[in-house]
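The values are calculated or read from the model by the stated rules, or taken from the named source; none is laboratory data. Just so it is clear, the structure is predicted and the values come from calculations on it, not from any experiment. Quick reminder, even Gly has a Cβ in these numbers, built from the backbone with ideal geometry, and neighbours come from all protein chains shown. The accessibility values were calculated without ligands, DNA or RNA, using every heavy atom of the protein model including side chains. Shrake-Rupley method; radii C 1.70, N 1.55, O 1.52, S 1.80 Å.
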Amino acid sequence: MTPGIVSLRSLQKTYPGKPPVTAVAGIDLDVPVGAIYGLLGPNGAGKTTTISICTTRALPTSGSALIAGVDVVKSPSEARRHMGVVPQYNTLERACTVEENIQFHCMYFGFTAAAAKSRTAQLLEQFHLTERAKTYPNQLSGGLAQRVQIARAIAHSPQVLFLDEPSAGLDPQSRIAMWDSVKDLHNHGITVVLTTHYMEEADELCDRIAIIDNGKILVEDTPQALKASLGASTIYELSLRETTPAITAQFQQMPGVTAVEPTPKGLRILASGHREALLPQLVNTASNNGLLDLSITEPTLETVFIRLTGRELRE
Amino acid sequence: MATTTITLPQTSKASGYSRAFLGMFLRDLHVLRRELFPFVLRIIMNPLLFLFVFTYVMPHMSGGAMMNPTATMAEHAGFSFSTVLLPGLMAVGIMFSGIAAVALPLAVDFGSTREIDDRVMCPLPTSLVAMEKVLFSAIQSCLAAAIVFPLAYFIPATRPVVHIASYPFLFLVVVMASLLAGALGLAIGTSVKPQQIGLIFSIIVIPITFLGCVYYPWTALHSIKWLQIAVLFNPIVYMTEGLRAALTPSLGHMPIPAILGMLLVSFALLSWVGMRGFLKRVIN
């Protein structure tokens, strides 16, 4: 594996306690330069812990994490120069204005007062915040506060920006605005690593995705490849009164059907090819077993996750 | 959108650290300047009321001194109560600034706002982020001492007897006491659960003040030997005794080497506890 700009090797993190909790159970990961990389998984999968280790806020139990070639455990201060971080919660300084928040951040990274001022003005313009320069953070909406946080996080021009659950608590409009900001940063060559449990977000934004569950990476690829891995273009969810092995076998023999899986309510049928040919056959056969409901979807990352874990992403 | 490439200043490690440290210091200074009025108000209220009631109102009452046993004792010994109070109230001002500048903001930070995160994420060892808070708090404590002094000198009906034999010694004591107050604030702010920070006044601040030789000199405790020894575990005692030695030596005080030594030991101990607590809170 070519080491990426974010490179994790056998990363493990166990929180002591009774019983000890293993949040990260051996993760190997390489994020290519310039990518928007998503860590997708349900709550408690280990995404935030992984990001915390990468951003020097948690110490791994074993394994290593390198950001731009700098070991985050051995040289945390140096590693921080290469990364910007936007945590899940609003950490803007309440006693300082939007402008001052960014200016002081620049000064922590060695800018002179004049350089900090001009960099701040540039960022305020880039993020359409110039009018809010003198506003205090508690007067900002959630979406605006997050935009300020992103502007502040990249003020020192880091190579990697970490966004932890950037959509949490945002209304749909702010979420789309945030996506635009992230795509913009991507166009400027910044590598973005984000965690999310919204598959739409991962699908829309990310070049590559690692699906994480129980502290492990289940699969890692582009969203397109992950969806294609299902080998199906259409998914039929059948809700049946009863499921018998005979009917399962019947479905499996139908042309275009690639897989038949049991679900709590009935069966999930993955198929490729034309819908018009298969749908009447499915309905006819299923009617004999008490067809209650039928839904037809395209493959999504959610489907990929369900196939891998047998659970839904938002359970 | 304008595309501008920004290159970070290429600096040595030490210079990078000092710039980050200075940046944080300037941020604190900026916020303090903005909140100067509440800052001054916070410092003057306690000594102002204390001095007004005990050294102005009571002496004007007939038999007022009877209501104030310490004052009676002081007068019997031939010095005014205001002389006892001057270093004591300065020490309380110093100590309280440490609590207000470090412990309370940290509790709010850890409990809800997490504002300190941006400073923790700057290119500086985390322990130095904590040290900056202590140092800035020490400056506030020095200011507090300078504000309390004229109050404690001019308000009392009877002027305190002040004799400063050595200004460098006074300066040293004020600085050491101020650093100690910052370290105390750090230790408290990182070891008390954020939800329980309200309790620190009743379980920490009030006991260490009342048992900190603020309202009586340590030497006067000789008649209650066990207490005279027990209060030695209270770092406030060394602040008040240090100020007593520097400002009102006629009252009697602990030996100076013991005072300076214990100021240093308490500072080192509380800094260690505070730093450990800080690291625990910000790094999992």
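Descriptive notes on the structure:
- For A:G38, the requirement of being more than 10 Å from chain B (Cβ to nearest Cβ), closer than 30 Å to A:E302 by Cβ and touching a strand residue (DSSP E or B) at 6+ places or on another chain (Cβ under 6 Å) is met.
- Unique residue being in contact with a Leu (Cβ under 6 Å, 6 or more places away or on another chain) and either modelled with pLDDT under 80 or assigned to a helix (DSSP H, G or I) (or both) when the list is B:P87, B:P38: B:P87
- Of the strands (runs of 3 or more DSSP E) entirely within region A:124-234, those holding at least 1 residues that are modelled with pLDDT of 90 or more and open to solvent by 10 Å² or more (accessible area, probe 1.4 Å) occupy A:160-164, A:208-213, A:216-221.
A quick yes/no check of all residues on (1) of a type in the set (D, E, K, R); (2) part of a helix (DSSP H, G or I); (3) modelled with pLDDT of 85 or more:
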site	(1), (2), (3)
A:L270	no, no, yes
A:L292	no, no, yes
A:S295	no, no, yes
A:E302	yes, yes, no
A:L308	no, yes, no
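- Residues in region A:101-123 that are within 7 Å of chain B (Cβ to nearest Cβ) and within 30 Å of the chain's Cα centre (by Cα): A:F104, A:H105, A:Y108, A:F109, A:R119, A:Q122.
- Residues (within 20 Å of A:S118 (Cβ to Cβ) and within 14 Å of another protein chain (Cβ to nearest Cβ)) located in region A:131-146: A:K134
- Odd one out for A:A249 among (1) surrounded by fewer than 16 Cβ atoms within 10 Å (Cβ to Cβ); (2) over 23 Å from A:L161 (Cβ atoms); (3) touching a strand residue (DSSP E or B) at 6+ places or on another chain (Cβ under 8 Å): (3)
- Here the helices (runs of 4 or more DSSP H) wholly within region B:167-262 that include at least 2 residues being open to solvent by 30 Å² or more (accessible area, probe 1.4 Å) are B:167-191, B:206-210, B:225-230.
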